[in-house]
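Down below is the structure, laid out as structure tokens.
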Amino acid sequence: MDAASGQGNGTRSEPPSSQFQKIWRANLVCPAEGPPIRGGAVLTRGARVEAVGPAEEIYPAGRPVSDIDFGAAVLIPGLVNAHTHIELSGLEIDPSTMGEWIVRLVREVREWPPHLFLSSSRLGVSASLEAGVTCVGDISASGQSRRILSDMGMRGVIFREVLGLVPGDADSIVADSIFEKRATQPGEGGGGALRTGMSPHAPYTASLALYRAVIGAAGAKGWPTATHLAESPEESRFLDDGDGPFAEVHKALDSPAEGFEPPGLSPVRYLSEGEVLGGIDLAVHCNQTGEEEWALLSRAGAAVCLCPRSAAFFGHPFADAAGMRRAGVRLCIGTDSRASSPSLSVLEEAAALWEADPELTAEALLEICTANGAKALGFAGEGAGVITPGGTADLAVVEPPPGEPAELDRIFRPGASVRTTISGGIIRYERGG
Ligand SMILES: [Zn+2]
């Protein structure tokens, strides 16, 4: 292999590697935008895609610096895990009721020193790259996952999580969170591979005043917002009458709840009537929803991130994904944290969604795992989540189960495996490598 000399365009402002052309081929290339391409290839230059199409049509005139043929594999955009908690990747908590699980999790994590959040984050990013994930919607309470995500070449939004049910505390909680972030992460810009967002945790732990304060602050900074919403029957019960297992959680954790008045509304209606739903970009879970809630979510412009295996872990009834699709709700997918999910694999999560919504086509499922998540996180402008000329060169190579052909539907089956993960035109993971 030789260096791509002779490809210079006369400027020296970028490092030489940004001029290198590489070609990546596979029996099937699925750009998640346009039809699958048999005998396809992706031509990249530095961190960007230059062309995608049949290999013989896009082969460059000058010899590329590398030419890799993955053979019997499916080349797709890097997968987008739109909801996870990277910093909790080293934490496993046995299945129990959600209330007991929350109490155990909070008690454990309260004791963690910063280095444990860092090592746990490293586990999470490694596992994500092994699963073909190149972009995450990461919820962080500690702020420690950012360094690891950055070092390992991951793209995404790190949502700073805030909690507080006492309405009078809302402004100071948001001000403290923003100040803390600025103090610990100086020099962070808004247009990079890692961006900041804010997340009021959920309607049972965040007051409407806190939602409003977050939406105001995030709006002023152009940051996206996410929240856990309508996840469990326990949440619906707490909003209905202020009682039940989540009232017990607040007592067990000594979390103040003075001033919280149960609205007697479903979680989605509560946020809608509180005039905060329109400020939420990403609503996570939405298991406890029906047609009325789907119409509200759709009108508010919120994307819904489904986490089917986390719902199974807790024994929650899972969202009616097919109903949501028919109602025009924009869907993406997330694994949630390792504390409630068997892995950080988006493809395995997607297999569970397909089981729940068998009428989905493989193409639509791929979009839920890629383009839709990138859009919901605000990365569509960079061409993340699709393979498109000028877009970011984030790719995953997935081999079908042994002995099966390289067809798109096979990458969601047990036995399929990620062979290579590429972000910004650089190989970040290679199986056995
Ligand atoms: Zn979560």
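The values are calculated or read from the model by the stated rules, or taken from the named source; none is laboratory data. Every value quoted in this text rests on a predicted model; they were computed, and no experiment measured them. Ideal geometry is used to build each Cβ from the backbone, glycine not excepted, and the neighbour counts take in all protein chains shown. Remember, those area values only see protein heavy atoms, side chains included, never the ligands or the DNA or RNA. Shrake-Rupley method; radii C 1.70, N 1.55, O 1.52, S 1.80 Å.
If R0 is 30 Å, what FRET efficiency do you get for Ser172 and Glu261 from their C-beta distance, rounded to 0.05?
On the way: r = 21 Å, r/R0 = 0.70.
Here the calculated transfer efficiency is 0.90.
Just order 298-304, 19-25 by mean Cβ neighbour count inside 10 Å, highest at the front, would you?
Working: 298-304: 19.0, 19-25: 21.4.
Ranking, from highest mean packing down: 19-25, 298-304.
Output the peptides 104-115, 409-420 sorted from most to least packed, where packing is the average of other Cβ atoms within 10 Å over each peptide's residues. Walk me through the numbers before you get to the answer.
On the way: 104-115: 12.5, 409-420: 18.8.
By packing density, highest mean first, the sequence is 409-420, 104-115.
Before I look further, what does the stretch 79-382 give for accessible area per residue, probe 1.4 Å, in whole square angstrom?
Values: 11430 Å² over 304 residues.
With the other protein chains kept in place, the stretch 79-382 gives 38 Å² per residue.
On average, how much area does the Cα convex hull of the stretch 84-178 cover when viewed from any direction, in nm²?
7.0 nm²
If you count, for each residue, the other Cβ atoms within 10 Å and average over each peptide, how do 370-379, 46-55 line up from highest to lowest? Please report the intermediate quantities before stating the final value.
Working: 370-379: 26.5, 46-55: 19.4.
In descending order of packing, they fall as 370-379, 46-55.
Which value results for Rg/Rh of the stretch 203-291 when Rg is the Cα radius of gyration and Rh the Kirkwood radius based on the inverse mean 1/r?
Numbers: Rg = 13.1 Å, Rh = 13.5 Å.
So for the stretch 203-291, dividing Rg by the Kirkwood Rh gives 0.97.
Treat the stretch 299-370 as a sphere of radius equal to its Kirkwood radius over Cα pairs and apply Stokes-Einstein at 20 °C in a medium of 1.002 mPa s; give the translational diffusion coefficient in µm²/s, rounded to a whole number. Walk me through the numbers before you get to the answer.
On the way: Rh = 12.4 Å.
D, rounded to a whole number, is 173 µm²/s.
In Å and on Cα atoms, what radius of gyration and Dmax does the chain show?
21.8, 71
What is the Å³ per residue value for the convex hull set by the Cα atoms of the stretch 294-433? Write out the running numbers ahead of the final one.
Numbers: hull volume 18.3 nm³, N = 140.
In the stretch 294-433, the Cα hull volume divided by residue count equals 131 Å³.
State the percentage of accessible surface on the stretch 291-433 attributable to carbon and sulfur atoms; use a 1.4 Å probe and exclude ligands, DNA and RNA.
49 percent
If you wrap a convex hull around the Cα atoms of the stretch 68-112, how much volume per residue is inside, in Å³? Kindly include the intermediate steps, with their values, before the conclusion.
On the way: hull volume 6.7 nm³, N = 45.
Per residue, the Cα convex hull of the stretch 68-112 comes to 148 Å³.
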